[in-house]
Every structure is written in structure tokens, then in C-alpha cells.
Amino acid sequence: MTPWNSYAQALLEVAPSRILASLLGEYKLPEKWRHLSSYPVTERLGLEKFVLKHPISAVEKPLENLNRFWFNASEEERRHFIETLRKAEKSVAGEIESADSMKKFARLWNDLPKILEEEYRKALEGEEFENARDIAGELVHFPADPYVPDHDWLSRLDVYVQLRNGDVRLLRFKLSPVQGFIANARTERDLWAGSHILSFLTYLAISELWHSLGPHSLILPHLRHQPFFEHELGKKPGEGKLQIANMPNKVLAIVPADEDVESLGEKIEDSIRGFLEKLFRAAWEFYGMGEFFEKKDVYDLTVRKYFSITVETVPLTKLSDIIEESLRAYLEKLPDNFESEVHHYPELFALLDQYTDFSSARYERPEQPMGFRCTLCGENLAIGGEDDYRPLNEKWNDLRKRLWERKIYDIREKERLCPLCLTKRFYPRFYVLWVKNYQMVGKDASEIKAMAEGRKKELKRFRSVSEVAMRRPTTEALKRFENGELKASGKPVTWYDVFLYLALDVFPEWRDEFRKPTFTGDKAREFMDKLRELSEVVGPLFRKLSPNSEVFYIENLRDREALAKVYGVAEVPGEVDVSAIARAVSELTAFIGEPPKYYAVLKMDGDNMGKVLSGSKAVKDVGEYFARGATVGAHRPVTPVIHTTITRSLSRFAVDHVPAVSETHDVELLYAGGDDVMALSSTDKAFGLAYEVQGEFTEDWVGYEPLQGETRSMSGGLLIAYYKEPLYAVVPEVNGLEHLAKESGRNGLAIGYRKHSGAFYRVAVNWELFKGGYYSSLLREFKREKISRKLIYELDTTTWPNEPRAVLNLLKYEFLRHSNYDKKKEMEELIEALANFLWLVRNVRAFLTKEDLRGMENGPDESRLEEFNEEIKELIVSDPEKPWRLMWEDIKALAEELIDEEEPRGEAWFDELSKRFDSELAGVVLKKQVHGAATLLKILLEAGVGA
């Protein structure tokens, strides 16, 4: 039986008409379907309403239109309703059965919710049911089990189809390495290419799986409406979605037990390794490498064998021993004769994941020959690297000159690349071909090379880190905007506006922009005169090489050699007048301020996915997922269906929600795969971006589609870096910050600021810090000069005593000393400003070190350090599963007590610390929090947040 015939039959067995008929006692749902419920409700009390319960948080989503009809209808009206639905379902099943290929079935499966909704609507309207359109939409999301409605029927259908056909196995695919490959980047183009290639290679594996087994066989990632999948189906999802790397490097599928997994694994491996080898050959031909280097077998081997490609399986079966305590407790609560292999899924998945990781770690790449290494990755032998140094450099220099003659600037001055990094440099050229035609995947190397040559000017472009930095308006530009002197399309002028205007002087399109900014205001004419002067002198440079925003940094205009470095070329064209450019840039700088030189890198990741699957984190008592609510006494683990529902929500988060937030903040989104996000942002937008992304992640419902819910959380690392800092140094540093956020308790943001001077500031905070706009209000007070910036630079807590109330009083003293409020007329503003500062202090994460304990007069034993820090974490770090202990109103009351010099009326967080340990330890922690708050303000103010 074909997968589409099996799917059509399964749909007719379990569609909403069958589920509703079962409620009337007129149909018995298949046993395998019933066993996919999270728990059997044996006492089938009358339902009061149809709802969906969020698969993690258990927050309820009523099906309001369906409820109004069903629970007010007579038995006869209900039967007529069921018969009407049945006609629609038979029509859809017939369409699926008529598919004569896997690709046609995949198209129908991808559009199934829309097809069903339309058929339901037509059938209901034909029988003159009221609210037919709204009811049809709700039926698509109807719960698979109305008594335990923690997932919809379409999510269960995908798993049920597999199980009804016999025994199955769980299949896990993994591609590695990931972080190291992405981090080997000099430019944002390299960074994007590394992440996109990984997504593309993973999709090649997915494509083999769905072509063999059907798209419904995939649990992770869920394929419905996935851009790469739709692109292969010919549905044109749009370049904006295709350019985002949104495939995880791990895949999970359900496959028949008798599937030849070894053969399937070989097909996957051949597809990935063959594509990489082909792309390298296309790059070799496109760049004309053969004219300067002899092509050696080791080059093909380097590309073909770089990645570990692992495919492992385990049978979906009952286990005799269960390791996870929460799963054991759940299984013990299941009634007799209900437990099946699907209820052992979390343990099986964990074992498979570990087994896959172990197999992947055993992979050994072929040893690289001796010789000069690639200047980008430092791992592999550079092309020609076995030569002596002088002839090797001469060949690469000659190659560059030849490429520059062809106006190809992919290889920068002093670079020598290995085969893999050369392939990565070529990938954006392949991408512009693939995004127009998925079938480029099947072309041979010569065809790819020829088509890339024909579209040499078409190159996937990204805002450089300097362009990203320049999206932030300068202080001078903000003042001119506020005074009505100068605006760019209704907003403050930025140096990016200047750059875009000049780039579009030379090219009709730049970074998908076609229209120049329009400048208005009292000083717009004066500004435009200066802009035209700059355009005249920078035009020859932009035409001969390309637009480059780093030209606006005056240090890059010292001489011709400095400017050549910006472009990575040996010399700039003779007609370019560098001193004239420098003069014009200086004129403009005097008018709108110096162009910003710092940008932000944000990396975020969902917390505790493994624990969610096992039922030990974020999920609730299984009874809370009942329609009527109950207590069973065990947390609900994740079944294959719940996992499908969760991964579908992750896919929607990555494909729809993250790009929408990124567009709002005008940032460069590098990848969004499931619960992983990485983006480049101007410094003023980065913090708002981070907060909104985690906010979207923790939403419960968007319409009838679940996101991850209020009991889930994200951790993030945010690094502010200088534009000249190479990305291969920046990426590991932001990875470290993300790790710090997780190590400090998760559900937070670790912020780093790497100054060009070498100074580094770092602080980890709770997300609650950004709620309510309290930090923004405080920043405005600094801007109004009601609070002097000296406060944060002169606040030295090292000499303060280790006693919490003394720390607070010293903080109050410093705050008053550096503030300019009229204590008679502005007392409320003063109290509010101090409360806002204390809100920051409260939400800064601080922990003890061995040095802290040693520095105390009667310090406790160092062996208790971990115990202390766990207690501190419990009090300071916010947990989405627990109510937040301290509100802003409590903090404001504390500020009032301090200003009025009253006795404490309530208990603050440091009082609780004093109770648990002693006041000296609590004082040390509070001092660190005060210092952290000052550090954070320093970063925010220098980053231009709230400017």
C-alpha cells in the first residue's frame, strides 16, 4: 500500500466526524489511536465544552463557535452535522488517494489544513449551518481526544498512520560539527553561509527521508509549511524565508520496523557528501583555481569527509527498566491494559539521542597533510599549502589579481583558503541560483559554474557589521531630529541612510533596497549639499570596487593603503581621491556625528528541551491536561504526538515569528532553527529584540497554533563588539555568554561589551529586568541629566561593608550625591528613579566565589560554595514554573523606606538571603548585584539604548 493510500484510510478512521460519533457512542475509535492519548479518562463524564490544552503549559483554548453549536444542538442536529463533515472528509481522502506520486502526496499533505477547512466550509454552508466558516476553521484544530485535549487530531494522525501499519523504529540523523564550522567566519557573509550550508545539508537528508517514507514520517523538524520543503515542492515560499537557516542539525523520524535503514543511511550520506564535492568542483572552476594550482585528491577528500553524518535507530517498544524517575511515576499511574510502547517514548528518545551523539563523536576525519593551513578556519590544508611559502603566496596573489580583473572580490588580500572554506565562499553564489530554482541541487558542477558565471553580479548580499552598527542614530542626529532640523523618511538620520543613498547612486538596487531615503527638515538642504559632495568623491570608488560603509570611518582614510585594506585588495583604483573622501566625510561627521562603530550579536536558545520531553520540567501534572482538570499525581511526559506538536510550534516560531520580530527591529537574522536564534543588530535595538524574541517563544497561543508556552524559557547571549573584531573571535565569545546565561540559572540574558581598547564588561540578568519599561525610564533620567553618568563610573562597592542594609544606605548616598532632583517638588520622581535602579539590582545575577569566602573574617567552609550558589540561584533567578516573588511595587516601597529613612516594613530578597546564610554572605551578593547594575547601565548608555 502506498503512503498516500494508507494516509487517506487513516484519515477516514479518525477525522472529527469519527471523534464526534464516538462521543455519541456510535463509533469506536481504533485502539492504536486511543493509546496515543496522554492518559485514558475512564470516567467519561459529560463534556461541557471543546477546548485545546496547551501541550506544555496546559493553558486552555476554547473552540467557541463549535461549542455554541454542539452543546446547544439536538441529537438529530448533531448526527446531521456529523454526516455533513463525513462528506467533506471523504472528498479530501479521495483527493489524497488519487495522488500518483510521493511529491503530489507531499503537496496535498502540506496544504491539508487549508484543504480540509475549505471542504468543511463548503459542506457546512451547503447544509446551511450557521457560522460555517468559523466552525470549519476550528474543526481543523479539533482535539484528538476531547477528554484529554493536549493536542489536535492532525498532529496525532501523522503518528497514527505509521503505527497502524505495524511495528516502527525511531530514526535519528545528526550532522556535525556545527558551532566550529559556523564560527570559521571572517565576514557576516561567511557566518551566514556557514549556518545556511548546514541547514541545506540537513534538508538534503530530510528530502531523502520524505521521498522514501512520506513527509508525515518526520517528527523533528515538522515539515508542514517549512520553506525549504515548500521550495522543493515548487510552492515559492519567498526569498525572505528561504534565506533564513532554520533547519536543526538533528532530525527525528518514525520509520517502519522493516525499513532498510542501512541503505537509507547510505543514500543520505551520498546525497550530502556528493553535493559538497560537486559544489567544491563548481567553486574550483568558477574561481579559475586550475590556472594556478594543481587539483589534488586530498582537496576532494577534505570536503567530502569533513562532516560526521550519523544515522541510528531504536525500536519503539516497551522497556523493562525505566531510568527517568518522572516517567516511572507516570507509568505507574496508567490504568491496566493502557500502557503501550508510545508511553516509553521519552526514554527511548533519550537513549537514541545519546547513542547518536556517541556514534557521531567516534567519527574521525582523514588526517590532513603537512603544509600551510587555511587562513580562515586554521584546520585544513590550504589549497597549494604543500608548496613553499613564497610560491604559495605568489599563486594566491596572482589568483586574486585575475579575480579582481573579473570584478570578483570573494577572496580578500592575504587570504589562502582550504577547499571547504572556498566552497563556503562560493555558496552565496550557488544560493542565488537555488533560490530561483530548487532543481539547481541536481545540476552538475559545470552547469552550476556556468550559471554562476552568467549571473556574476548576482550575489547574496548582507549588511556588513559596519552597516549594522550604522543603523543606530548618533546623539547629534537625534538632536537634529527632535529639533525638526533633519529627518530621513520621517525618522532620525543614520549613517546607514547616508550609505544607502550613495550605494543607490551607483547601483539600481542594494541589499534588496530600491528607493533612496528622503531627507526633510529645516537643515535638509544643507545636509544634502554635503551628501552630494561626498557622492562625487566616493562614486568612483564604489563603481570600481563596490559600496562599503567602512569608508565612512576616518581611520580608514588615512592613506591609500588603509583604504585598500578595507576592500581586501592590494591597491585602490588610481582615480580615487582618498584625501577628498576624507574631507567630505569629516564635513558630514561634523553635521550628524561620528558613525557608530559597535554592533551587537545575539544568540538565543530554548531551555531544558530534554527535560520537557521526559516530563521533569515545564510540563504539569497529567490531570491538568484533562478537559475538566484533575490531579493524577504524576507529570505528563512527551509522547510522539506531543513531540510532533511541540516541533510544529518550534517550526512556526522559527519560520514566522522570529523573522517578523527581526523585521520590526530591522536586524540581520542569520539563523532561526527551532529554538535557536542568531542575529546581528545595531546596539540600540539589540536588547528590545532579545526581549521580544523570548516573549514570542513563551506565548501560549497564536490563534489555534501553540507556541512554547508560559512554562518554557529561553536563554541568550548578547555581545557588543567593535566592527573590526573578526567574527571568528566574536562568535565563540557570544556562545560563551549564552552558556553563562544557562549556567547562571537559565531564563535570562548574559550581556558582554568588548571595547576596542580591550576592556570587557559582562553581566547576567533576569528577563524580568526588561519588563514594565523601568530600565527605559531610568535611562531617560540619565538623558535628562537628572542623574549624572558619574554615578555608574564612580560606584565602587569593593570598600563597602558586607552588610545588606549598609550597602543599601551607601547606594542611596551615592544616588543622591549624583542626582539633580528638587527634593521638595520632585520627590516622587526621585523615589521612582531609585526604585528603577533597585529593580535593576534585584534582577542582576550574582554568585559567590572561593575568593569571596576567603575574604570574609569568619567565612564558611569553601566546600559549601556550590550549596550556597544553588540557594542564591533559587532566590534571585526567575523560574517560569514558579510565581515571581517580588513585584516592582515592593521595590518602590523599599526605595521609599530608604529615602524616608524608615524602618523596613517588608522583607526584601537580601533579607531572605540573610536568613538562609548570614548577613555577611548576603551583603557580598548584594554588593555584586549593585556593581552588576552599574555595569549594565554603562553598557546600555554607551550602546545608545533609550537615546
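The values are calculated or read from the model by the stated rules, or taken from the named source; none is laboratory data. Quantities reported herein were computed from a predicted structural model and do not represent experimental measurements. Don't worry about glycine lacking a Cβ; one is built from the backbone with ideal geometry, like all the others, and counts go over all protein chains shown. The area values use the complete protein model at the heavy-atom level, side chains included, leaving out ligands, DNA and RNA. Shrake-Rupley method; radii C 1.70, N 1.55, O 1.52, S 1.80 Å.
Quick rundown of the values:
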quantity: Percent carbon-and-sulfur accessible area, region 280-331, ignoring ligands, DNA and RNA, probe 1.4 Å; calculated: 45
quantity: Solvent-accessible ranking of PHE105, PHE358, largest area first, probe 1.4 Å; calculated: PHE358, PHE105
quantity: LYS611-LYS771 FRET efficiency (beta carbon distance; Förster radius 30 Å; 0.05 resolution); calculated: 0.75
quantity: Solvent-accessible area of LYS850 with every protein chain in place, 1.4 Å probe, in Å² to the nearest 10; calculated: 100
quantity: Accessible area of ARG164 in the full protein assembly, 1.4 Å probe (Å², nearest 10); calculated: 60
quantity: At most 16 other Cβ within 10 Å, DSSP loop - GluC sites (Glu not before Pro), region 542-649; calculated: GLU571, GLU575
quantity: Selection of chymotrypsin sites (Phe, Trp or Tyr not before Pro), region 34-104, meeting DSSP coil and at most 15 other Cβ within 10 Å; calculated: PHE71
quantity: ILE792, ILE115, ranked by accessible area, largest first (probe 1.4 Å); calculated: ILE115, ILE792
quantity: GLU31/ASP100 FRET efficiency (R0 41 Å; Cβ-Cβ; nearest 0.05); calculated: 0.80
quantity: Accessible area expressed per residue, the chain, with surrounding protein chains retained (probe 1.4 Å, Å²); calculated: 40
quantity: Shape call, region 744-792: gyration tensor on alpha carbons, a/c limit 1.5; calculated: oblate
quantity: Long pairs among LYS755/LYS790; LYS295/LYS724; LYS241/LYS449; LYS103/LYS611; LYS174/LYS318; LYS544/LYS597, criterion Cα-Cα beyond 30 Å; calculated: LYS295/LYS724; LYS103/LYS611
quantity: Percent carbon-and-sulfur accessible area, region 458-603, ignoring ligands, DNA and RNA, probe 1.4 Å; calculated: 45
quantity: Extension gain (nm, one decimal) between GLU536 and ARG365, 0.36 nm per residue minus Cα-Cα; calculated: 56.3 nm
quantity: Label-point separation in nm, HIS80 to LYS755, each point 7 Å along Cα→Cβ; calculated: 7.8
quantity: Theoretical FRET efficiency, 1/(1+(r/R0)^6), r = Cβ-Cβ of ALA450 and SER320, R0 45 Å, to 0.05; calculated: 0.15
quantity: Protein-only accessible surface order, largest first, of GLU97, GLU291, GLU341 at 1.4 Å; calculated: GLU291, GLU97, GLU341
quantity: Cα-based shape type of region 431-585, given that a ≥ b ≥ c are square roots of the gyration tensor eigenvalues and the cut on a/c is 1.5; calculated: oblate
quantity: Calculated Rg and Dmax of region 561-635 using C-alpha coordinates, Å; calculated: 30.0, 80
quantity: Whole-angstrom gap from region 376-427 to region 857-872, using each part's C-alpha centre; calculated: 54
quantity: √(5λ) per eigenvalue of the Cα gyration tensor, region 515-648, largest first, Å; calculated: 60, 20, 13
quantity: Computed over the chain: relative contact order in percent, which uses C-alpha pairs under 8 Å that are six or more apart; calculated: 12
quantity: Cα shape, region 1-87, gyration tensor, a/c 1.5 rule; calculated: oblate
quantity: Binned Cα-Cα distances of region 385-506, short to long, each 5 Å bin given as a whole percent; calculated: 2, 9, 13, 14, 13, 12, 11, 9, 8, 5, 3, 1, 0
quantity: Projected-area average for region 642-763 over all orientations - Cα convex hull basis, square nanometres; calculated: 7.9
quantity: Residue-level accessible surface for THR375, protein heavy atoms, 1.4 Å, Å²; calculated: 50
quantity: Cα coordinate range in region 797-947, projected on the principal axes (Å, largest first); calculated: 52, 32, 31
quantity: Theoretical gain in end-to-end length, ASP656 to ARG583 [0.36 nm per residue, Cα-Cα removed]; calculated: 21.8 nm
quantity: Per-bin percent of Cα-Cα distances, the chain [20 Å]; calculated: 12, 38, 36, 13, 0
